[in-house]
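Everything on this sheet refers to the single structure shown next.
The values are calculated or read from the model by the stated rules, or taken from the named source; none is laboratory data. In this text, all values refer to a predicted model and were calculated from it rather than measured experimentally. Methodologically, a virtual Cβ is constructed for each residue, glycine included, from the backbone with ideal geometry; neighbour enumeration extends over all protein chains shown.
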Amino acid sequence: MSVRIIDLSVPLENDVKADPPGSGPSIQYYAHGDMVPLLQGYFPGLAREDLPDGEGWAIERINLSTHNGTHLDAPWHYASTMDRGKPAATIDEIPLDWCYRPGVKLDFRSLPDGHVVSAAEVEAELGGSATSWSHWTSSS
């Protein structure tokens, strides 16, 4: 059986929706010319004309939380222990294999951007049957 990978990622941008509202990333963009003074600090004696086209590196300075953008919450996010007192797994301890499992694709494109989907809307999209969901989740 062939594997089909669906990219669910969203780009990090200043106006990307975040939950809770107001906790989105903050990105400062620095153009090539803006960075020349920084480079001159790294390389004493460097003149702007020494650089290709008189430009430095373009960079972005990002302030974000682990809940920004596309992400996976590790058990550690929710509590310090799991499985009756064992230390909760941190994100680096989650096997990548966990991210490649059978799944269900639900189509909510008809809803407006930013709409928070309810449990009833998920049930309706699944055909109104909880057994539809259990069929997919038990076939890993």
*Pairs, please: C-beta under 6 Å, at least 6 apart or cross-chain, first residue under 20 Å from residue 99 (Cα atoms) and in the range 72-84, second assigned to a loop (DSSP other than H, G, I, E, B)?*
74/89; 74/90; 74/94; 75/88; 75/89; 76/88; 76/90; 82/88
*Scan the range 1-32 residue by residue and report those that are more than 30 Å from residue 113 (Cα to Cα) and at pLDDT below 95.*
1, 2
*Output for the range 48-91, where each listed residue is of a type in the set (Gly, Ala, Ser) and loosely packed, with under 14 Cβ neighbours inside 10 Å*: 54, 58, 65, 79, 80, 85
*asked:* List the residue pairs whose Cβ atoms are under 9 Å apart, where the first residue sits in the range 18-35 and is under 23 Å from residue 52 (Cα atoms) and outside the structural domain of residue 48 (by TED's automatic domain parsing), the second is in a loop (DSSP other than H, G, I, E, B) and at pLDDT 95 or above, and the two are 6 or more positions apart or on different chains.
replied: none
*Hey, does the range 117-134 have a residue that's among the small types (Gly, Ala, Ser), closer than 25 Å to residue 77 by Cβ and either modelled with pLDDT of 90 or more or loosely packed, with under 10 Cβ neighbours inside 10 Å (or both)?*
yes
_Residue satisfying all of: in the range 80-99; farther than 21 Å from residue 5 by Cα, in a loop (DSSP other than H, G, I, E, B) and hydrophobic (A, V, I, L, M, F, W, C); farthest from the chain's Cα centre (by Cα) among these_ = 88
